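Written out below as structure tokens is the structure these notes cover.
The values are calculated or read from the model by the stated rules, or taken from the named source; none is laboratory data. These numbers come from a predicted model, not from an experiment. Note that we place each Cβ from the backbone using ideal geometry, even for glycine, and neighbour counts take in every protein chain shown. Please note that ligands, DNA and RNA were not included when accessible areas were found on the heavy atoms of the full protein model with its side chains. Shrake-Rupley method; radii C 1.70, N 1.55, O 1.52, S 1.80 Å.
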Amino acid sequence: MPTYKVVVAGSAGSGKTSIVNQYIYGTFDEYSQSTIGIEFSHKDVDGETKISLWDTAGQERFKSMTGSYYRNAHAVMFVYDVSSRESFYSLEQWWREYNAYGNVQKSTAIVVGNKTDLQREVSEEEARAWSVQKSLVYDEVSAKNNDGIERVMCTLIRQMRALPEVKSETVRLQAEPNSDRCCY
Ligand code: GDP
Ligand code: MG
């Protein structure tokens, strides 16, 4: 079964762990602790595809993320908090690090604005413009309200399936392509 490695990047407090927890377990914790966390968790998407989500356990506070984090990643999810301009500005650095350490040619990425349930400091237009400029797909979610997360993962899975290497692997594995499923 193909397993996609998705790396979750973004500043501390942007809601990376909350997005992962909502997607994998369907839960949200208002008082989530950013220092203790699962390093990665798996989800069986549809019996044909497995996703492993790589979340940091607070290391992002110390800017100690290096190449090993991005190694063999199929996708990177750049998360920022729409209620924090600072978290939006820090995307630039995350993006630069991914370009320095990640395998940009063999992976895909998405920018995710989280916490749409809160008062905004960053407009959708501004964040979308930044993403377009970097040739990245943009979408918004609320981990708290479980709004948009499934859609983001669908988009990401589609993007990963379109990667040249994954494509050939998928073609070999799929005897009968199931085309009536919406996104998977
Ligand atoms: P991380 O450091 O990027 O992993 O961020 P966390 O997932 O630990 O979230 C940081 C804080 O933001 C926690 O108090 C979460 O409860 C809160 N949070 C995360 N997502 C949302 C959201 O969509 N809406 C609101 N209102 N709070 C959120
Ligand atoms: Mg976290």
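Scalar couplings 3J(HN,Hα) for region 140-150, obtained by applying the Karplus form with A = 6.51, B = -1.76, C = 1.60 to θ = phi - 60°, are 10, 9, 10, 5, 4, 8, 6, 10, x, 5, 4 Hz; x denotes Gly and Pro. Distances between placed amide hydrogens fall under 5 Å for residue 76 paired with 7, 108, 109, 110, all partners being 5 or more residues away or on another chain. Surface calculation, 1.4 Å probe, protein heavy atoms: residue 40 sits at approximately 90 Å² accessible. Sparse packing (at most 16 other Cβ atoms within 10 Å of the Cβ) combined with a DSSP loop state is found for the following GluC sites (Glu not before Pro) in region 89-159: 121.
For the set 74, 42, the ranking by accessible area, highest first and with no ligand, DNA or RNA atoms included, is 42, 74 under a 1.4 Å probe. A 21 angstrom limit on the alpha carbon distance is what I want to check against. Which of 16/43; 43/115; 50/144; 50/134; 16/106; 5/106 exceed it? Violating the 21 Å limit, Cα to Cα: 43/115; 50/144; 50/134; 16/106. Site pair residue 31 and residue 154 shows an inter-label distance of 3.6 nm when each label is modelled 7 Å from Cα along Cα→Cβ.
Each residue of region 7-13 was assigned a 3J(HN,Hα) from its phi angle through the Karplus curve 6.51 cos²θ - 1.76 cosθ + 1.60 (θ = phi - 60°); the sequence is 9, 9, 10, x, 5, 4, x Hz, with glycine and proline shown as x. Accessible surface for residue 147 stands near 80 Å², nearest 10, in the context of the full protein assembly shown (1.4 Å probe).
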